[in-house]
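Let me begin by presenting the structure, written as structure tokens, before commenting on it.
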Amino acid sequence: MKIERIETFLVPPRWLFCRVETDDGVVGWGEPVVEGRAEVVRAAVDVLAEYLVGQDPLRIQDHWQVLTKGGFYRGGPVLSSAVAGLDQALWDIAGKTYGAPVHALLGGPVRDRVRVYAWVGGDEPAQLTEQIAAQVEAGFTAVKMNAAGATSPLATAAETAAVVARVSAARDALGPDRDVAVDFHGRFTAASARRVLAELAPLHPLFVEEPVLPEHGHLLPGLVSASPVPLATGERLYSRAEFLPVLAAGIAVAQPDLSHAGGISEVHRIASLAETYGAQLAPHCPLGPIALAAGLQVAFATPNFLIQEQSRGIHYNKEADLLSYLVDPEPFRFVDGHAHRGDAPGLGITLDESAVRAADRAGHRWRNPVWRHADGSFAEW
Ligand SMILES: [Mg+2]
């Protein structure tokens, strides 16, 4: 069997899908995307496809080596995401060829259901209680929220109080038996994070995510020592090598993104690396159905798995949502806040190919907002 054709589809709300077809007619799907830079990843996939076409799709690990290392200059979000989507598609093809779900090829399931969480925004605190009530009604046992909007380099007393008030409102709405995770989104400096983390501790967040920017990862050891709240990071890290120092710093939760960090192959290895540090896996996934399907396959085969992000109803999904391009929504029918294990081959989902092709004709030009502080200077989003 040989890879015959690789296509990409730029589909709303902000995703990029790839479709890998073999000369036997087996088709695998992947989601190679960097949010806001989808067209750039598309170009990277086209370049990597030059190597893959004509190759045996089942030599996934050998292809991973060549795709990540064969170009001499390596790594970074664009190349790692291009490889990630292609890797997902190759695992999908392998599963369909062997008649097995990907989690079976990864060594078999270690759990029957996977806990997922829902987003409740948090940039607009007024809507928070209402959004949480809706997610609790839908059966979710955990939500994630942003801690704050644009935040001063040293958060003011009012800004700090507003963060605590938001998380406190969330805790009140959730009660003691459900969880809230809080995303700092790299909007805080280490000094601000240290102060806010101590104040959030009594509200018992499940974890606080990206307490500082990835480029300030060298400050994590001090922050971990100072924080009574478990810290998470990883959506902007792209390989085992980049996870090693943050795991050594003592983060509690590793959050690789299946569409950014080298795909199923590398995230499965990152999970193993995290296990050696006693850290849990919580894959980042504010993306589409293929990325989520890949995350769930890894989750079913990973002992040190904590919780999976998913994007149903997320604030980004305006023109299309998680189920828009699926023939059958069943794999993402969450019961009591959990996804249940299926035995469909490959990634376990079936894309509506005509819907994908039609959506690609419209395309999208999604870009993340650029924020400014009150004085006009650049602010982290
Ligand atoms: Mg995040």
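What to note about this one:
- Screening residue 144 with (1) charged (D, E, K, R); (2) assigned to a helix (DSSP H, G or I); (3) within 16 Å of the ligand (Cβ to nearest atom) gives one miss only, at (2).
- Any hit, the range 294-309, residues being more than 21 Å from residue 84 (Cα to Cα) and away from the ligand (no atom under 16 Å from the Cβ): yes
- Scope the range 210-239; condition among the small types (Gly, Ala, Ser) and within 16 Å of the ligand (Cβ to nearest atom); matching residues: 217, 232, 234
- All positions within the range 20-58 that are of a type in the set (D, E, K, R) and either farther than 25 Å from residue 75 by Cβ or within 16 Å of the chain's Cα centre (by Cα) (or both): 21, 23, 24, 31, 35, 37, 56
- Near pairs, Cβ below 6 angstrom, 6+ apart or cross-chain, from the range 277-289 (under 22 Å from residue 330 (Cα atoms)) to any residue that is open to solvent by 10 Å² or more (accessible area, probe 1.4 Å) and not in a loop (DSSP other than H, G, I, E, B): 289/326
- Within the range 321-340, if we keep just the residues that are among the aliphatic types (A, V, I, L, M) and not in a loop (DSSP other than H, G, I, E, B), the residue that is most open to solvent (accessible area, probe 1.4 Å) turns out to be 335.
- Apart from one condition, residue 358 fits all of (1) open to solvent by 60 Å² or more (accessible area, probe 1.4 Å); (2) without any contact (Cβ under 8 Å) to a residue 24 or more places away in the chain; (3) not assigned by TED's automatic domain parsing to the domain that holds residue 309; the exception is (1).
- Breaking point among (1) out of contact with any strand residue (DSSP E or B) (no Cβ under 6 Å at 6 or more places or on another chain); (2) more than 19 Å from residue 81 (Cα to Cα); (3) assigned to a loop (DSSP other than H, G, I, E, B), for residue 206: (1)
- Condition met for residue 43 (open to solvent by 20 Å² or more (accessible area, probe 1.4 Å), at pLDDT 95 or above, of a type in the set (Gly, Ala, Ser) and part of a helix (DSSP H, G or I)): yes
- Residue in the range 191-201 that is within 15 Å of the ligand (Cβ to nearest atom) and closer than 16 Å to residue 155 by Cα present: yes
- Residue 112 vs. criteria within 29 Å of residue 56 (Cβ to Cβ) and of a type in the set (Asp, Glu): no
- The helices (runs of 4 or more DSSP H) located wholly in the range 232-305 that include 3 or more residues which are buried (at least 22 other Cβ atoms within 10 Å of the Cβ) and not β-branched (Val, Ile, Thr) occupy 263-276, 289-300.
- If you go through the range 49-63 and pick out every residue that is in a helix (DSSP H, G or I) and open to solvent by 20 Å² or more (accessible area, probe 1.4 Å), you end up with 4.
- Residue 254 vs. criteria within 16 Å of the ligand (Cβ to nearest atom), in the same structural domain as residue 202 (by TED's automatic domain parsing) and closer than 19 Å to residue 109 by Cβ: no
- Once the range 149-189 is narrowed to residues that are within 15 Å of the ligand (Cβ to nearest atom) and at positive phi, the residue that is most open to solvent (accessible area, probe 1.4 Å) is 185.
- Odd one out for residue 192 among (1) within 25 Å of the chain's Cα centre (by Cα); (2) open to solvent by less than 20 Å² (accessible area, probe 1.4 Å); (3) not acidic (Asp, Glu): (1)
- Selection count where residues are part of a helix (DSSP H, G or I) and either open to solvent by 20 Å² or more (accessible area, probe 1.4 Å) or farther than 29 Å from residue 34 by Cα (or both), scope the range 218-231: 7
The values are calculated or read from the model by the stated rules, or taken from the named source; none is laboratory data. Worth saying up front: this structure is predicted, and the values here are computed from it rather than measured. Positions of Cβ are backbone-derived with ideal geometry, glycine not excepted, and every protein chain shown enters the neighbour counts. Accessible surface areas use protein heavy atoms only, side chains included; no ligands, DNA or RNA. Shrake-Rupley method; radii C 1.70, N 1.55, O 1.52, S 1.80 Å.
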